[in-house]
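See below for the structure under consideration.
All of the numbers you see were taken from the coordinates with simple rules; none came from a lab. None of these values were measured; they are calculated from a predicted model. Here Cβ is always computed from backbone atoms with ideal geometry, including for glycine, and neighbour counts include all displayed protein chains.
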Amino acid sequence: MNAPRISRVTAGSLKRLLDCERRLWLSEHGRGHAAPRSDHDELLGGKSKSLEERMALEGEMVGPVMSGGVTFEQAAAETLRLLRETRASIRRPILLSPDGKLSASPGFIIREGDALVIRDVRLAHRPEKKREHRVRTSFAGWLAHKLTGLEIARLEIVNGLGQTVVIAPEPAEELEALANRALELIGDSPEPTVLMAHSHCQDCDHYAHCWDQAEADRRVEVLPAVTRRRAELLHAMDVRTFDQLATMKEPQLEHRELRDAAKILLVEARAWSSGEPVWMKDPGLPLNRPIVWFDIESDADGERANVPVYLWGIAVDAKGSTLDDTQRPPFEPIMAELTRAGDRDAWERFVKRALEVHEQHPNAVWAHWHNAEPMWIDRYTARYGAPQAFLDTVRTSGALFDLHQAFERSVRMPVRGTSVKLVAPWLGFHWSNPNADAEWSTAMLHRAHRTQDPAQRQAILDEVARYNADDLWAMRIVWRWLAANRPR
């Protein structure tokens, strides 16, 4: 029979608390609602572990103290013994308060004379700028001091670039207050009803639980334009549902924060209340021209990655506005090998293909979603250069057309945002792999390049390419709908 799970406040608990009180509560009381770890989570976990291992090689270390057959309490006792009786530096120490309610396990505790240096590892490039990193490292130092009485000489974080940065400690009273609030939430506290902005929540493990319930309750917070501040102001007016907001007029939203966004707030509320799109203006589609559907897949590390853009995906739709969804154009994935040479080669192949398309369709529109594609064209032009003919054709002639911008300025749907991942499914389109997204794509690419099996590698790359193709077909669906339903 397994021992009952002990609820403790950890540095991770404090991170979740700072992120959202409800997230901390659900991590303890609603674990069944949580989404499983994704491939991207595993990728980041592997990177973090590798960085910590590299740091451990730079000095003599004892630990990790948790090993096979050792209980958490035994590891905590051994950590305390090492800190009190030796001058050893410890990798992955276990700090545990005498009552068992507080624990921390920083990457390292380094001895510096009679004092301690708390050193943690984070993949973020500027972790010192975010309070959650300061709190987590400070919490470990605060607990180490309480357990040993030793002074904390310094708090450090090794960032994703391998640089060691000094962290300003959080005040002890702040840490104690946070720990006490965390203890309340993981105890018998009722579930908080807080709902953050959609952009904040969408990557949370408990996203579906909170937002599906919010939709069912018709809460005003589900509207993309309702920020936390705007929600507070609407609540102060006793406006708590989008049905209530939908009946209002712009002059009723008197506070400047609401007045500045009154039009879009009311349009979104009416879309959600009616369950139908609400138009604001014509989307201004460049009709009766060939369309090049254009989407890239890029590494989350951006230009710091060895290969920032690993797939340039296009499909040339010569039919233009007479789109027939039963006859999709050929998909052309231009994929890079994960080397500097492969990066340049993929860029040059993309430029060459773009010039060929221009020869065949001089007035083609290059339709993309949001600003990543023009941004990366500019960055790769600076990185490797490009013929003037390419720049004249694609970048400076106005051929690039931001379909997201056209959609956002013209219409609102009862969906949680204006991402194509939300808009296209409302129109009936579904990705071949419902779990695929940009982070999944990056994780799969790195998995493909780690495998030694050529057949498996190609199969994974084909999955990544299929996901990119689906992004193109999703844009195509949105374009067709806008063209057919726009106000005349």
Cross-link reach list, lysines versus K263, counting only Cα pairs under 25 Å and skipping chain neighbours closer than eight places: K249, K281, K421
Long-range amide H partners of G313 with built H, under 5 Å: D295, I296, E297, I334
Pairwise label distance in nanometres, T339 with H235, each label 7 Å out on the Cα-Cβ vector: 5.7
Calculated from backbone phi, Karplus (6.51, -1.76, 1.60) coupling profile of region 160-176 in Hz, x at Gly/Pro: x, 8, x, 8, 9, 10, 7, 10, 6, x, 6, x, 4, 5, 5, 5, 5
Sequence-distant residues sharing a close amide H with V121 (under 5 Å, placed H): G107, V158
Sites matching trypsin sites (Lys or Arg not before Pro) across region 310-406 that sit in DSSP coil, with at most 15 neighbouring C-beta atoms within 10 Å: K319
Beta bridges by DSSP in region 86-161, antiparallel share as percent, to the nearest 5: 60
Projected area, mean over directions - the chain, Cα convex hull, nm²: 28.2
Centre separation in Å (Cα based) which lies between region 452-488 and region 208-224: 28
Charge dipole (debye, nearest 20) of region 230-328; +1 at Cβ of Lys and Arg, -1 at Cβ of Asp and Glu: 360
Protection proxy ranking of 103-113, 300-310, 151-161 - average other beta-carbon atoms within 10 Å, highest first: 103-113, 151-161, 300-310
Pairwise FRET efficiency - Q163 versus D203, Cβ, R0 = 30 Å, nearest 0.05: 0.70
Among F139, L80, Q327 the positive-end extreme of the charge dipole of the chain (Cβ point charges): F139
Calculated Rg and Dmax of region 218-276 using C-alpha coordinates, Å: 9.8, 28
Rounded to the nearest 20 debye, dipole of region 291-485 from Cβ charges on Lys, Arg, Asp, Glu: 240
Listed peptides 19-25, 424-430 by packing density, highest first (mean Cβ within 10 Å): 19-25, 424-430
Rg to Rh quotient for region 364-454, alpha carbon positions, Kirkwood Rh: 1.06
Positive-pole candidate from T148, G302, G63, dipole of the chain, charges at beta carbon: G302
